[in-house]
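Undergrad: Next up is a structure, given as structure tokens.
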Amino acid sequence: MWYDKIVSLFKNKDLRNKFIFVFFLFVVFRVVANIPIPGIGSENLRKFFAQNQVFGLLNIFSGGALSNFSIVLLGLGPYITSTIILQLLTMIFPSLEKMYKEEGEAGKQKFNQYGRLLTIPLAALEGYGMLTLFQRQGVIGALSPLTIVSSIITIVAGSMFLMWLGEIITEQNIGNGISLLIFAGIVARLPVNIFQTFVSWSATQIPSYILFFVLSIIIIAGVVLITEARRNIPISYAKRVRGSKMYGGTSTYLPLNINPAGVIPIIFAISILLFPGMIAGFLGGVPGIVGTIANNAATFFNDVWVHGVLYFLLVIVFTYFYTAVTFDPKTIAENLQKMGGFIPGVRPGESTTKFLNHILNRVLFTGAIFLGLIAVLPTIVAGVTGVTGFTFLIGGTSLLIIVSVVLDTMRQINAQLQMREYDSF
């Protein structure tokens with residue numbers, strides 16, 4: 001039972017210390033998320049984020065750090081963006097792809113180092129853009145050059161600090177650090193959101209709450225189903241005789257998850273989806289045709305149906321993209337051939353690669369479509385019913401990430417518990 005797992009978790013000293021350490025890092029994250037940048041007033045910020053859907057969504061995933069104008073106001077956005085850029089470049093530059101896929105752990109460490117270095121200029125650029133945008137929107141007052149420079153340095157340092165926290169959490173092997181920090185930011189805002197919902201409650205919002213409750217159940221069930229579902233491909237190993245002993249002759253299976261990318265496509269899609277609205281808002285105050293085009297673009301991207309369609313497509317694209325980067329059927333086929341393994345009825349080598357690609361594309365299509373539908377389902381309900389009393393989009397996306405991160409963390413904790421049970425055997 002689930003409570004037995006919790007008891008086992010706290011009985012094991014190593015796992016208990018890891019859990020307490022990660023919880024302490026969550027506390028550190030929440031503390032820095034409430035430390036404002038010096039020299040900048042934040043009186044109008046909360047009102048601005050409450051009225052702006054795009055920045056309200058970004059504020060949710062920063063755990064309220066953006067509305068507080070804290071030292072970590074950009075959250076993990078620059079690091080996620082740098083990771084997306086580098087993984088896209090692996091499809092253009094063979095040397096970068098070789099480093100990531102073929103050079104083992106050393107190559108991945110070098111690749112991750114490039115991502116860290118790229119985070120610095122991206123954080124500086126996004127920080128400057130954010131300050132300029134808020135000044136033009138009248139959210140913050142005019143800033144001196146010295147204040148702008150010091151604020152940008154603070155913003156970059158905050159983004160690098162969060163990136164460091166995420167990597168430390170990942171090293172504990174109880175979940176992905178980046179996903180867990182985003183999870184912590186969402187969960188930290190839940191009590192505030194629930195309180196505000198009850199304060200502003202009215203009888204006309206009853207359909208909104210009912211729909212959200214039903215939607216939550218559907219999303220949770222769908223995410224659990226897709227995350228846990230897998231296609232098992234049978235694998236057999238040929239018998240080999242070495243000296244007086246016989247090896248092989250066993251059968252097993254290769255599990256292909258319906259959605260091997262997990263929650264990463266959602267995070268990537270949100271990061272990319274925020275850029276057009278931010279750029280349009282940034283240029284909206286420019287006089288002339290540029291400002292007119294920017295204002296029209298901002299109106300276009302803020303449309304609920306446009307937002308939903310783009311969100312749906314980006315989730316599908318990033319599901320395929322991330323799987324293509326992390327799962328290579330050719331490498332798996334080569335490794336099977338080296339170990340004397342084969343898929344019954346399929347020739348080793350290139351035929352196995354084609355078979356794995358065929359199965360993966362069919363399985364992944366189902367997972368990507370379902371994941372995209374779950375992501376935009378709140379938007380569809382809000383558009384069809386016309387109910388605007390509840391933030392369906394933010395609630396659905398947050399719930400999707402929470403469930404996926406919890407399932408992934410539970411899986412890694414179970415793996416660690418099983419490993420320690422084997423050790424004690």
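The values are calculated or read from the model by the stated rules, or taken from the named source; none is laboratory data. Just so it is clear, the structure is predicted and the values come from calculations on it, not from any experiment. Note: ideal-geometry Cβ built from the backbone for every residue, glycine included; neighbour counts use all protein chains shown. Each accessible area value is taken on the protein alone, full model and side chains, heavy atoms only, with ligands, DNA and RNA left out. Shrake-Rupley method; radii C 1.70, N 1.55, O 1.52, S 1.80 Å.
Undergrad: Specify the residue that is farthest from residue 96 (Cα to Cα); the eligible residues are those in the stretch 333-346 that are in a helix (DSSP H, G or I) and open to solvent by less than 40 Å² (accessible area, probe 1.4 Å).
TA: 336
Undergrad: Given the conditions (1) open to solvent by less than 30 Å² (accessible area, probe 1.4 Å); (2) under 23 Å from the mean Cα position of the chain (by Cα); (3) at pLDDT 80 or above, and given that residue 131 satisfies all but one, which numbered condition is not satisfied?
TA: (2)
Undergrad: OK, next. Among the residues of the stretch 349-370, is there at least one that is part of a loop (DSSP other than H, G, I, E, B) and either at pLDDT below 85 or surrounded by 14 or more Cβ atoms within 10 Å (Cβ to Cβ) (or both)?
TA: For the stretch 349-370, residues part of a loop (DSSP other than H, G, I, E, B) and either at pLDDT below 85 or surrounded by 14 or more Cβ atoms within 10 Å (Cβ to Cβ) (or both): present.
Undergrad: Still on this structure: Hey, does the stretch 105-112 have a residue that's in a helix (DSSP H, G or I), at pLDDT below 80 and within 16 Å of residue 154 (Cβ to Cβ)?
TA: no
Undergrad: Also, I was wondering about something else. Only residues that are touching a residue at least 12 places away in the same chain (Cβ under 8 Å), of a type in the set (Gly, Ala, Ser) and over 24 Å from residue 218 (Cβ atoms): list them for the stretch 347-374, please.
TA: 349
Undergrad: If we keep just the residues of the stretch 226-262 that are at pLDDT 80 or above and of a type in the set (A, V, I, L, M, F, W, C), which is farthest from residue 349 (Cα to Cα)?
TA: Here the residue is 229.
Undergrad: Pull out all pairs, ordered by first then second residue, where Cβ-Cβ is under 6 Å, the residues are six or more apart or on different chains, the first lies in the stretch 148-172 and is among the acidic types (Asp, Glu), and the second is open to solvent by less than 60 Å² (accessible area, probe 1.4 Å).
TA: Between residues of the stretch 148-172 that are among the acidic types (Asp, Glu) and residues that are open to solvent by less than 60 Å² (accessible area, probe 1.4 Å), the close pairs are 167/177.
Undergrad: Condition first: touching a residue at least 40 places away in the same chain (Cβ under 8 Å) and either out of contact with any Leu (no Cβ under 8 Å at 6 or more places or on another chain) or within 14 Å of residue 256 (Cβ to Cβ) (or both). Now tell me which residues in the stretch 337-346 satisfy that.
TA: Here is the first cut: in the stretch 337-346, the residues touching a residue at least 40 places away in the same chain (Cβ under 8 Å) are 339-344.
Result: 339, 340, 341, 343, 344.
Undergrad: Hey, another quick one. Only one of these conditions is not met by residue 76: (1) at pLDDT 65 or above; (2) open to solvent by less than 10 Å² (accessible area, probe 1.4 Å); (3) within 25 Å of residue 261 (Cα to Cα). Which number is it?
TA: (2) is the only condition that residue 76 fails.
Undergrad: Can you tell which of 45, 86, 9, 66 is at pLDDT 80 or above and aliphatic (A, V, I, L, M)?
TA: 86
For every residue, the table says whether it meets (1) farther than 22 Å from residue 31 by Cβ; (2) in a loop (DSSP other than H, G, I, E, B); (3) at pLDDT 75 or above.
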position: 135; (1), (2), (3): yes, no, yes
position: 138; (1), (2), (3): yes, yes, no
position: 146; (1), (2), (3): yes, no, yes
position: 156; (1), (2), (3): no, no, yes
position: 161; (1), (2), (3): no, no, yes
position: 189; (1), (2), (3): no, no, no
position: 208; (1), (2), (3): yes, no, no
position: 214; (1), (2), (3): yes, no, yes
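Undergrad: Out of everything in the stretch 285-332 that is outside any helix (DSSP H, G or I) and at pLDDT 75 or above, what residue ends up being farthest from residue 261 (Cα to Cα)?
TA: To start, the set of residues in the stretch 285-332 that are outside any helix (DSSP H, G or I) comprises 285-288, 303, 327-328.
Next cut, at pLDDT 75 or above only: 327-328.
On the way: 327: 9, 328: 13 Å.
That would be 328.
Undergrad: Among (1) crowded, with 18+ Cβ neighbours inside 10 Å; (2) touching a residue at least 60 places away in the same chain (Cβ under 8 Å), there is one condition residue 111 misses while meeting the rest; what is its number?
TA: (2)
Undergrad: Enumerate the pairs (first residue in the stretch 11-32 and closer than 17 Å to residue 165 by Cα and touching a residue at least 40 places away in the same chain (Cβ under 8 Å); second residue anywhere and surrounded by 11 or more Cβ atoms within 10 Å (Cβ to Cβ) and of a type in the set (Phe, Trp, Tyr)) with beta-carbon separation below 8 Å, excluding pairs fewer than 6 apart on the same chain, so at least 6 apart or on different chains.
TA: Short answer, once both residue conditions are applied: 19/10; 32/161.
Undergrad: On to the next question. Would you check which residues across the stretch 151-168 are open to solvent by less than 20 Å² (accessible area, probe 1.4 Å) and of a type in the set (Ser, Thr, Tyr) and list them?
TA: Listed by number, the residues that qualify are 151, 159.
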